[in-house]
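Here's the structure, in structure tokens; my notes come after.
The values are calculated or read from the model by the stated rules, or taken from the named source; none is laboratory data. Everything quoted here is computed from the prediction, not taken from an experiment. Neighbour counts run over all protein chains shown; Cβ positions are idealised from the backbone, glycine included.
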Amino acid sequence: MRRTRRYDIRQTRRWAAADAAVSGIPRTRVAVAAVRAALWATSDKRAMLVLTMVVQQGLATAAQLGEEALRVRRDKRRTLLHVTIGDLLDGGRALGEIEVARELRRRGLPAPEKQVLRKDRRGRYFLDLYWPGLGVVVEIDGIHHTWAENVVGDALRQNSLALNGDVVLRLPLLGLRLQPGDFYDQIAAALTAAQQRLAAA
């Protein structure tokens with residue numbers, strides 16, 4: 001490994017001929033480079049951001065990242081890679097709901113209902129976590145919620161809920177990994193405010 005302020009050259013024992021891109025200038029395939037960049041990142045936060053940005057920008061799919069991550073047998077970030085890529089695949093969505101519900105219980109907060117069916121004039125949809133007596137909704141967002149085809153629908157659903165008096169909080173899975181305390185504090189604040197409104201009514 002050689003580093004200066006201008007470049008950072010590293011060697012890896014994980015190299016295989018299939019790692020190279022098949023055309024263009026000699027380089028490593030994006031999925032391979034992204035996984036290695038995550039392993040070499042200076043913090044867990046940067047590692048997760050590298051993987052997320054690669055998928056978000058369409059440079060590689062989460063499945064491609066997953067294939068490359070499976071090649072990593074030993075590394076301190078191996079588990080982090082699998083958790084983050086699982087979130088990007090959106091397979092972590094249900095797991096995210098379980099984690100949030102568990103943490104809410106640990107904090108002594110009321111348990112939500114999960115996957116509650118709602119309808120509006122645009123059709124049926126499910127709320128990830130809902131406290132019907134308090135009018136509080138938490139939507140747990142995987143990476144696909146940032147894609148253009150989902151942004152408008154998500155906004156319309158959130159607006160519809162707000163117009164009907166519900167408080168809607170969004171919890172991105174990346175936020176659950178990076179700043180969980182801040183998001184849980186917001187959920188607690190929303191539930192406490194709703195309970196106070198009910199008590200005052």
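Numbers at a glance
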| item | result |
| --- | --- |
| Breaking point among (1) surrounded by fewer than 17 Cβ atoms within 10 Å (Cβ to Cβ); (2) under 14 Å from LEU173 (Cα atoms), for LEU51 | (1) |
| ALA69 vs. criteria at pLDDT 85 or above and among the hydrophobic types (A, V, I, L, M, F, W, C) | yes |
| Odd one out for VAL138, checked against (1) out of contact with any strand residue (DSSP E or B) (no Cβ under 9 Å at 6 or more places or on another chain); (2) aliphatic (A, V, I, L, M); (3) at pLDDT 85 or above | (1) |
